[in-house]
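To keep things clear, I will list the structure first and then write my remarks on it.
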Amino acid sequence: MVKHAVEANFDGLVGPTHNYAGLSWGNVASKSNVSSVSNPKEAALQGLAKMKRLADRGYVQGVLPPHERPHIPTLRALGFEGPDARVLEQAAKSSPSILAAVSSASPMWTANAATVSPSADTSDHRVHFTPANLSAKFHRSIEHVVTGRALKSIFADESYFAHHPALPSVSHFGDEGAANHTRLCAGYGEPGVELFVYGQMAFNEQAPAPKKYPARQTLEASQAVARLHGLRDQNAVFAQQNPDAIDGGVFHNDVIAVGNGNTLFYHEMAFLNEAQMLEDIRERLTGTELEAVRVSSADVPLEDAVASYLFNSQLLNTPDGMLLAVPGECREVASVSRYLDGLVKSGEPITAVEVFDVKQSMRNGGGPACLRLRVVLNDDELKAINRGVLLTDELYERLTTWVEAHYRDELSQNELGDPMLLEEVRKALDELTGIMGLGSIYDFQL
């Protein structure tokens, strides 16, 4: 039976150690801003303001917590010994690159937190979660344990929610979560088509693959997640990302395509076998016709799409059509701004464009879509979640006050070894778990 459902967005709170270490090879923005001084407080407030704007418009908006950084357990696993302050001192002196990696605030980009399949698609009619192993990058590969704890705390009722461990953390099963996954459907509560986009086949060395930058998602990983979630062939399509796009700086599919409802908005260079992918979706999509909004290179060159993060935008339902929530950079790139004006004038399916300021995140290569994990929930499932994570006026005020109290206005890489920073982070996160009712999810709390 089809049930009423909504698509909730769970945005990641930017962490207190937000910095520009340039850790992500293949992410042009991340590398181009390396060693710049960051503003963690501004970044967190920008993220909260984005969440509040959407919540005020009636969207179900949730919050996912940042992780403990610097991550002392990882440093200890790598041979740094002694009290916490000594561990930080050793790492800062002998391995500043490792210290930068374990200090990254990258969990803020919750599009990479997990892959989520709604109950309308799964064989046991529960919502399924698989945290992404993020094995392509060391600084992100350490996230999935705490991500899993947070998701289990928020979606705790096993009669409605199923949680899987991350896939094996090896390159053959490289999994980047919902950044390479989108869902198309007639209605959120109806069975849909889950589009899994991969960069290469791990067990086929002859298959197409990028030459300059690594492909972070494998077909084998996507297929494994689909099996774990109990998806039938009718509910899943696997498509390869264009290797030339990856080499052009499109490290995740959500940098070049975004879908919502029956609409897929994408650049012509997004997919290797575009025609086959569209045919596969149309064969499986029931109750509606696919609306394919294809952007040509003539209108928006690939490099402009990457520079502006046009496709790393949120595509949202409104009573009058769909809203595209774009980063401010889209209005700073001439070809993209012209395209958006023409898009709105053309009418359906995208009828409005709104700009969101997430500049602190953008400088590290993450736009509005990177900052949110989409979770489709029917009415019963929505009632079953931890309500302390849903953004209300009261929670927004408490989180804003919390950020103002605990975050620094400036942070450079040479401050990551400061023991006081670690104390500030732990004090802040301990308070945050109380505010959001998450329980003990961090290593220092266990």
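The values are calculated or read from the model by the stated rules, or taken from the named source; none is laboratory data. Just so it is clear, the model here is predicted, and its values are computed rather than measured. As a convention, Cβ positions derive from the backbone with ideal geometry for all residues, glycine included, and neighbour counts pool all protein chains shown. Side chains are part of the model used for accessible areas, which takes the heavy atoms of the whole protein and leaves out ligands, DNA and RNA. Shrake-Rupley method; radii C 1.70, N 1.55, O 1.52, S 1.80 Å.
Taking residues in the range 118-133 that are without any contact (Cβ under 8 Å) to a residue 12 or more places away in the chain, and partners anywhere that are open to solvent by 10 Å² or more (accessible area, probe 1.4 Å), the pairs with Cβ atoms closer than 8 Å and at least 6 places apart or on different chains are His125/Ser119. Remark: Glu220 matches the filter, which requires a residue to be in contact with a Phe, Trp or Tyr (Cβ under 7 Å, 6 or more places away or on another chain), among the acidic types (Asp, Glu) and either modelled with pLDDT of 95 or more or part of a helix (DSSP H, G or I) (or both). Residues that are in contact with a Ser or Thr (Cβ under 6 Å, 6 or more places away or on another chain), within 23 Å of Val255 (Cβ to Cβ) and open to solvent by 20 Å² or more (accessible area, probe 1.4 Å) do occur in the range 201-223, at least one of them. The condition of being within 27 Å of Gly261 (Cβ to Cβ) and at pLDDT 95 or above holds for only one of His164, His139, that being His164.
Output the number of the condition that Asn317 fails; it satisfies all remaining conditions of (1) open to solvent by 10 Å² or more (accessible area, probe 1.4 Å); (2) among the polar types (S, T, N, Q); (3) touching a residue at least 40 places away in the same chain (Cβ under 8 Å); (4) touching a strand residue (DSSP E or B) at 6+ places or on another chain (Cβ under 6 Å). Of (1) open to solvent by 10 Å² or more (accessible area, probe 1.4 Å); (2) among the polar types (S, T, N, Q); (3) touching a residue at least 40 places away in the same chain (Cβ under 8 Å); (4) touching a strand residue (DSSP E or B) at 6+ places or on another chain (Cβ under 6 Å), only one is false for Asn317: (4).
Scanning the range 182-200 for any residue that is of a type in the set (S, T, N, Q), without any contact (Cβ under 8 Å) to a residue 24 or more places away in the chain and open to solvent by 10 Å² or more (accessible area, probe 1.4 Å) turns up nothing. Among the candidates Asp341, Asp299, the residue that is in contact with a helix residue (DSSP H, G or I) (Cβ under 9 Å, 6 or more places away or on another chain) and not hydrophobic (A, V, I, L, M, F, W, C) is uniquely Asp299. Applying the condition of being at pLDDT 95 or above and open to solvent by 10 Å² or more (accessible area, probe 1.4 Å) to the range 1-15 and asking which residue is nearest to Arg183 (Cα to Cα) yields Glu7.
Scanning the range 121-133 turns up one or more residues that are open to solvent by 20 Å² or more (accessible area, probe 1.4 Å), in contact with an Asp or Glu (Cβ under 9 Å, 6 or more places away or on another chain) and of a type in the set (D, E, K, R). Here Ser308 clears all of (1) within 24 Å of Asp244 (Cα to Cα); (2) open to solvent by 20 Å² or more (accessible area, probe 1.4 Å); (3) of a type in the set (S, T, N, Q) except the condition numbered (2).
Residues in the range 235-249 include none that are within 22 Å of Arg331 (Cβ to Cβ), in contact with a strand residue (DSSP E or B) (Cβ under 8 Å, 6 or more places away or on another chain) and touching a residue at least 12 places away in the same chain (Cβ under 8 Å). Helices (runs of 4 or more DSSP H) fully within the range 325-414 that include at least 1 residues being modelled with pLDDT of 95 or more and open to solvent by less than 60 Å² (accessible area, probe 1.4 Å): 334-345, 379-384, 393-406.
Evaluating Lys93 against the criteria (1) among the charged types (D, E, K, R); (2) open to solvent by less than 50 Å² (accessible area, probe 1.4 Å); (3) more than 26 Å from Glu431 (Cβ to Cβ) leaves one unmet condition, (2). Each residue in the range 142-161 was checked for being surrounded by fewer than 23 Cβ atoms within 10 Å (Cβ to Cβ) and either in a helix (DSSP H, G or I) or modelled with pLDDT under 95 (or both), and 6 of them qualify. In the range 65-90, the qualifying residues are those that are free of Cβ contacts under 8 Å to residues at least 40 places away in the same chain and part of a loop (DSSP other than H, G, I, E, B), and the one that is nearest to Leu421 (Cα to Cα) is Pro83.
If you go through the range 164-197 and keep only what is among the hydroxyl-bearing types (Ser, Thr, Tyr) and part of a loop (DSSP other than H, G, I, E, B), you end up with Ser169, Tyr188.
Of a type outside the set (A, V, I, L, M), touching a residue at least 24 places away in the same chain (Cβ under 8 Å) and out of contact with any His (no Cβ under 9 Å at 6 or more places or on another chain): is that true of Gly62 in this structure? Criteria met by Gly62.
Per the listing Pro107, Pro118, the residue uniquely at pLDDT 95 or above and under 17 Å from Val14 (Cβ atoms) is Pro107. Within the range 403-416, at least one residue is of a type outside the set (Gly, Ala, Ser) and within 22 Å of the chain's Cα centre (by Cα).
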